[in-house]
Amino acid sequence: VSHDLKSPLSHLNLLSEGLLEEFGQLDEEEKIRKIQLIHQVSSQGKALLDNLQFWVLSQKDIIRPAFRPTRLNDEIAAVLQLLDPHIRQKALTVSVPDQPVEVYTDKNMLSTILRNLISNAIKYMDKQNGMKGIIQIRVKDVGDFVQVEIEDNGKGIAAKDLPYIFDRFYRTDSSRNSSTGGSGIGLSIVKKIIEDHGGKIWATSREGVGTVMYFVIRKYQEV
């Protein structure tokens, strides 16, 4: 984890030093581009720290879900707004559900689930030769639960790795994770939150085709 945290911090230090040294020589467009890079890299470091802090606290049972009715669509929209700079940088197309659905969940933890899963879909998108990166978010009613599907057409996950991606600190490709600020704990956190909510999570994937993340969470129903 410390190695992964060092990577975005070192990158951030170099970017900010370069900006300070060249500031008077850069035009406005180049200044904006460098500031956007600084924001992107600092966001990676913050996400890593947030995940690490959550993992430590959850192991000690210091934080527990505070269940209440939560509008799933609003949380999806909020996370997409937060990740919009990264979506625009990769020129991705994102489709979202339009039907309003209420789930019974901890709002902050639901945000953590969505942020981790959608961030991964963005992070490992590597379309080239003019091919368009696409992320599709679907919501399905499955009785007392809601099934959420987040599908991307990114690089996919090898069959040998797929059974282990929710294991703590498991990495499918350590060099890829280091370069993007990953730590191998994001998906294990997501799994713990969902299981604490009485739901489940799984994935299907094909290398070079893409990945679908599925999770099931309890629907809010008035009694």
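Report the full-extension gain for the segment Val142 to Arg64: residue separation times 0.36 nm, less the Cα-Cα distance, to one decimal in nm.
Residue separation times 0.36 nm, minus the Cα-Cα distance, leaves 25.5 nm.
Which values, in whole Å and largest first, are the semi-axes of the equivalent ellipsoid of the range 1-127 obtained as the square root of 5 times each eigenvalue of the Cα gyration tensor?
Working through the eigenvalues yields semi-axes of 32, 21, 12 Å.
Please compute the net charge surrounding Phe215, taking Lys and Arg as +1 and Asp and Glu as -1 over other residues with Cβ under 11 Å from its Cβ.
Details: positive: Lys191, Lys200; negative: Glu149, Glu195.
My count for the surroundings of Phe215 gives 0.
Give me the number: length gained by fully extending Gln89 to Lys160, i.e. 0.36 nm times residue separation minus the C-alpha to C-alpha distance, one decimal in nm.
22.5 nm
Students sometimes get this wrong: rank Trp202, Trp55 by accessible area, probe 1.4 Å, all chains present, largest first. Present the calculation step by step, with values, prior to reporting the outcome.
Working: Trp202 80, Trp55 55 Å².
Ranking Trp202, Trp55 by accessible area, largest first, yields Trp202, Trp55.
Computed from the coordinates I sent, mean projected area of the Cα convex hull in nm² equals one of [x] 13.2; [y] 13.9; [z] 17.5. Tell me the label.
After the calculation, the listed value that fits is [y].
Taking only DSSP H segments of four or more residues, each worth -39500 (n - 2.57), what value at 222 nm results for the chain once the sum is divided by all its residues, to the nearest 500 deg cm²/dmol?
Numbers: 7 runs with 105 residues, N = 223.
Result for the chain: -15500 deg cm²/dmol, rounded to the nearest 500.
In degrees, nearest 10, range 0 to 90: what is the angle between the Cα axis of helix 107-123 and the longest Cα principal axis of the chain?
The two axes meet at around 50 degrees.
Leaving out ligands, DNA and RNA, what percent of the accessible area of the range 3-106 is carbon and sulfur, probe 1.4 Å? Kindly include the intermediate steps, with their values, before the conclusion.
Values: 3740 of 6690 Å².
Here carbon and sulfur together make up 56 percent of the probe-accessible area.
Per residue, how large is the accessible surface of the chain? Use a 1.4 angstrom probe and give square angstrom.
Computed with neighbouring chains in place, this is 56 Å² per residue.
Under 30 Å between alpha carbons: how many lysine pairs meet that in the range 3-113, if sequence neighbours fewer than 8 apart on the same chain are excluded?
14
The values are calculated or read from the model by the stated rules, or taken from the named source; none is laboratory data. None of the values given here were measured: they were computed from a predicted structure. Positions of Cβ are backbone-derived with ideal geometry, glycine not excepted, and every protein chain shown enters the neighbour counts. Remember, those area values only see protein heavy atoms, side chains included, never the ligands or the DNA or RNA. Shrake-Rupley method; radii C 1.70, N 1.55, O 1.52, S 1.80 Å.
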